[in-house]
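Asker: Got a structure for you, written out below as structure tokens; questions coming shortly.
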Amino acid sequence: MSTAPLLKINNIETYYDLLLAVNGVSLSVESGKITAILGSNGAGKTTVLRTIMGLLDDQPNKGTIEFDGTRIDGKETEDIVRRGISYIPEGREVFPELTARENLLMGGFIRKNKNEVNSDLQKVYEYFPVLAEREKQLAGTLSGGQQQMLAIGRALLNRPRLLLMDEPSLGLSPLLVKEIFAIIRTINEAGVTIILVEQNANMALGIAHDGVIMENGRFVRSGTAAALLEDKDVQEFYLGGGESEDSVKGYQRWKRKKRWR
Amino acid sequence: MFTQLIITGISIGSLYALMALAMSIIYKTSHTPNFAQGEMAMISTFVAFALQTTYQFPLGIALLGALLFSLILGVVIEFCFLRRAKNPTIVDLIVMTIGIQLIIQGIAGWKWGAEQKDFPFLDLDSQLVHFGDVVISHLNILTIGTSLVLMLLLYLFFQHTRMGTAMRATQQNEVAAKINGIRVNRIKAFTWGISSFVGAVAGLFFAPISTLDPYLMWEPLIKGFAAAVLGGMTSLGGAVLGGYLLGIIENLFGAYISLEFKSTVAFVIIVLVLWFRPSGLFAKHYQRKV
Ligand SMILES: Nc1ncnc2c1ncn2[C@@H]1O[C@H](COP(=O)(O)OP(=O)(O)OP(=O)(O)O)[C@@H](O)[C@H]1O
Ligand SMILES: [Mg+2]
């Protein structure tokens, strides 16, 4: 017997003016799992997350999004956050002229219980000790990696049930990437369901339970992380060293094959 | 003489500072140069006038009523006009605030007439205090004192309250504010309310040294604008400093160089700042995310 999914996306379409960026995407995310969304640049991954968050006016144009059994498409972002979905946007959208601490506390803005916010703040400081050291520093003057930690910490202070992460490893040193992935796993083990958009397919599938592959606004393949890791095409285009001579031909074959849907 | 000029300069400068603050607060949040700021303050001052003279309320009630009115006016303007525009350009926004300015001016002219009224409610201008050969009116003292207190309260509000921090957060990154559950639209409306309130305080103190008519705040608006430009439109501290500086410079210029051209000092300052330091004298340099 399977439980109802925490997030259920039914056949959504999202436009930027006349450009169809997400073209009929469906996804079920089960509670407690990490789902990775992989795909090349411009595939529409970020757009899917922004659509879930209600950040795009009048989108999705078609389809429905249900969170915990309730429709959230067409709702205000501020209300979607209050229902328990948090978003770590691509490229660390911090508040540059607030201190690191103020940034984190803004993550607790929607919460009533200030004691809990404070204890969660301490938890974030345990994950990222450097943020504790620099809590008085303006976020705009933190390094890129520190800002990324700040964005993650701030989202955790929302205390979400579902966390959407858009390329958390972007621009981080290999060591820090490892650390961040370990923390993502810890967060998940603490009960937070996660959707993880990543370029780093190996790492992402390494911690995810499920994965989907996105191309040109569609999900072209989905399955368990283990199955995707085994998949020949996935290996060739996302896991291998895609720089080889025949990758263009390979890409064309991939495009042809995509019609199987 | 010099000290005297400095002190009256600070007094008028505090009003410029308040106008500059009001404009900067809105500019930071809504990216709108608010040309209706002066008229919003003017009509709030008229409300105080009407409450006191027409409806015979005591002074305190009249002032409170006017300030409450100014708050609501700011919120209503944001809600009815600014919020309706989808992806407006800066020119759209300017045209919109000029439209609001004309509407308010029309209402004030229709309700209270275009002729100048004496503002009876603070008779402090004629009561003087002497320090050696320096003379300060009670009104000057009250103006300087009230502005300082208001600025301090604003500072504490923005820096040390949850709501104030959320307002700064919204100014710095709207998307990030939204995804943390901060209701950006409400914050904007509230910002307009606060800004309108600050402008109204300037209006209430300016009316007794000027004459109350629908054009009351035209000059303070231009001066406040100049002061805000000195502060780069985004630095509240810079706007305040700009206001005081302008008040003093203008006073000295009027006394020692040319009384006729006293009012053009503000304009010259705008031009010079745009020429040499377009981001303002005190601006900090962070790129705003769009
Ligand atoms: N604001 C926008 N206006 C118009 N088109 C947009 C906008 N944002 C994204 N697009 C387009 O929509 C498509 C999907 O973009 P999206 O940002 O979702 O891709 P992505 O999969 O997140 O890519 P990346 O891996 O590079 O972050 C792209 O073709 C992009 O050019
Ligand atoms: Mg993206």
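No lab work stands behind these numbers, since they all come straight from the coordinates. For clarity, every value in this text was computed on a predicted model and none was experimentally measured. Glycine gets a Cβ as well: all are built from the backbone with ideal geometry, and neighbour counts include every protein chain shown.
Asker: Order by neighbour count: A:Thr14, B:Thr45, fewest other Cβ atoms within 10 Å first, most last.
Answerer: Listed from fewest to most nearby Cβ atoms, that is A:Thr14, B:Thr45.
Asker: Work from the charge dipole of the protein assembly as shown (Cβ charges, +1 for Lys and Arg, -1 for Asp and Glu, about the Cα centre) and give the residue of B:Phe197, A:Asn200, A:Leu142 farthest towards its positive end.
Answerer: Most positive-ward Cα: A:Asn200.
Asker: Which value in nm describes the separation of the simple spin-label points at A:Asn11 and B:Ser263, placed 7 Å from the Cα toward the beta carbon?
Answerer: 6.8
Asker: Hey, another quick one. Starting from the 7 Å offset along Cα-to-Cβ, what nm value, one decimal, do you get for the label separation of B:Val271 and B:Met1?
Answerer: 2.8
Asker: Any idea what angle helix B:37-49 forms with the longest principal axis of chain B, computed on alpha-carbon atoms, 0 to 90 degrees, nearest 10?
Answerer: 60
Asker: In terms of modelled amide H atoms, which long-range or inter-chain residues lie less than 5 Å from the amide H of B:Ser137?
Answerer: Answer set, sorted by chain and number: B:Val129.
Asker: Using a 10 Å cut-off on Cβ to Cβ distances, tally the other chain neighbours for every residue of A:78-84 and report the average as a whole number.
Answerer: Mean partner-chain Cβ count within 10 Å for A:78-84: 3.
Asker: Taking a ≥ b ≥ c as the square roots of the eigenvalues of the Cα gyration tensor of region B:1-131, is the shape rounded (a/c under 1.5), prolate (a/b larger than b/c) or oblate?
Answerer: In terms of gyration-tensor shape, oblate.
Asker: In sequence order, what are the phi-derived ³J(HN,Hα) couplings for region B:86-92 according to the Karplus relation 6.51 cos²θ - 1.76 cosθ + 1.60 with θ = phi - 60°, rounded to whole Hz, with x for glycine and proline?
Answerer: 8, 6, x, 7, 5, 5, 4
Asker: For the peptides A:26-39, A:176-189, B:195-208, B:152-165, what is the packing order when you average, over each peptide's residues, the other Cβ atoms within 10 Å and list the highest mean first?
Answerer: B:195-208, A:26-39, A:176-189, B:152-165
Asker: Report the charge-dipole magnitude of region B:2-276 in Debye, nearest 20, computed about the Cα centre from +1 at each Lys and Arg Cβ and -1 at each Asp and Glu Cβ.
Answerer: Taking the Cα centre of region B:2-276 as origin, the dipole is about 1260 debye.
Asker: Once you list every other residue whose beta carbon is under 13 Å from the beta carbon of A:Ser28, what net charge do they have if Lys and Arg are +1 and Asp and Glu are -1?
Answerer: In short, -2.
Asker: If you don't mind, there's one more thing I want to ask. Let me know the shape class of region A:47-115, please: from the alpha-carbon gyration tensor, a ≥ b ≥ c as square roots of the eigenvalues, rounded when a/c is under 1.5, otherwise prolate if a/b is greater than b/c, or oblate.
Answerer: Cα axes put region A:47-115 in the oblate bin.
Asker: Which whole-angstrom value gives the distance between the alpha carbon centres of region B:206-243 and region A:209-227?
Answerer: Each part reduced to its Cα centre gives a spacing of 59 Å.
Asker: Something else: Any idea which of B:Gly181, B:Ile248, B:Thr211 is furthest toward the positive side of the dipole for region B:2-276, if Lys and Arg beta-carbons carry +1 and Asp and Glu beta-carbons -1?
Answerer: B:Gly181
Asker: In peptide A:88-96, how many Cβ atoms from other protein chains are near each Cβ within 10 Å, on average?
Answerer: 5
Asker: How much length, in nm to one decimal, is gained on full extension between B:Thr211 and B:Thr89, taken as 0.36 nm per residue of separation minus their Cα-Cα distance?
Answerer: 40.3 nm
Asker: Given the peptides B:13-23, A:96-106, arrange them by the average over their residues of other C-beta atoms within 10 Å, most packed first.
Answerer: Sorting B:13-23, A:96-106 by mean packing, highest first, produces B:13-23, A:96-106.
Asker: Express in whole angstrom the spacing between the alpha-carbon centres of region A:10-71 and region B:25-90.
Answerer: The two parts, judged by their Cα centres, are 42 Å apart.
Asker: Return the FRET efficiency for the residue pair B:Asp118, A:Arg82: r is the Cβ-Cβ distance, R0 is 51 Å, and the value is rounded to the nearest 0.05.
Answerer: Efficiency computed from Cβ-Cβ geometry: 0.45.
Asker: For A:Gln235 and A:Glu179 in one chain, what is 0.36 nm times their gap in residues minus the Cα-Cα distance, to one decimal in nm?
Answerer: Roughly 17.7 nm would be gained on extension.
Asker: Further question: Which order, highest average first, do B:168-180, B:91-103 follow once you tally other Cβ atoms within 10 Å for each residue and take the mean per peptide?
Answerer: B:168-180, B:91-103
Asker: With r as the distance between the Cβ atoms of B:Phe131 and B:Tyr55 and R0 = 41 Å, compute the FRET efficiency 1/(1 + (r/R0)^6) and round to 0.05.
Answerer: Here the calculated transfer efficiency is 0.60.
Asker: For A:Ala21, which sequence-distant residues (separation of 5 or more, or a different chain) have an amide H within less than 5 Å of its own amide H, given hydrogens modelled in the peptide plane?
Answerer: Correct list: A:Thr14, A:Tyr15, A:Tyr16.
Asker: Taking θ as phi - 60°, what are the ³J(HN,Hα) couplings along region A:33-40 by the Karplus curve (6.51, -1.76, 1.60), each to the nearest whole Hz, with x for Gly and Pro?
Answerer: 9, 9, 10, 9, 10, 10, x, 6
Asker: Right, another one. Determine the shape class of chain A: with a ≥ b ≥ c the square roots of the Cα gyration tensor eigenvalues, call it rounded for a/c under 1.5, and otherwise prolate if a/b is greater than b/c, oblate otherwise.
Answerer: prolate
Asker: Per-residue Cβ counts within 10 Å, from other chains only, averaged over B:165-176: what number is that?
Answerer: Mean partner shielding for this stretch: 6.
Asker: While we're here: Got a sec to turn the phi values of region B:127-138 into Karplus ³J(HN,Hα) couplings, 6.51 cos²θ - 1.76 cosθ + 1.60 with θ = phi - 60°, whole Hz, x for Gly and Pro?
Answerer: Each residue's phi maps through the Karplus curve to give 8, 10, 10, 10, 10, x, 9, 8, 10, 10, 7, 4 Hz.
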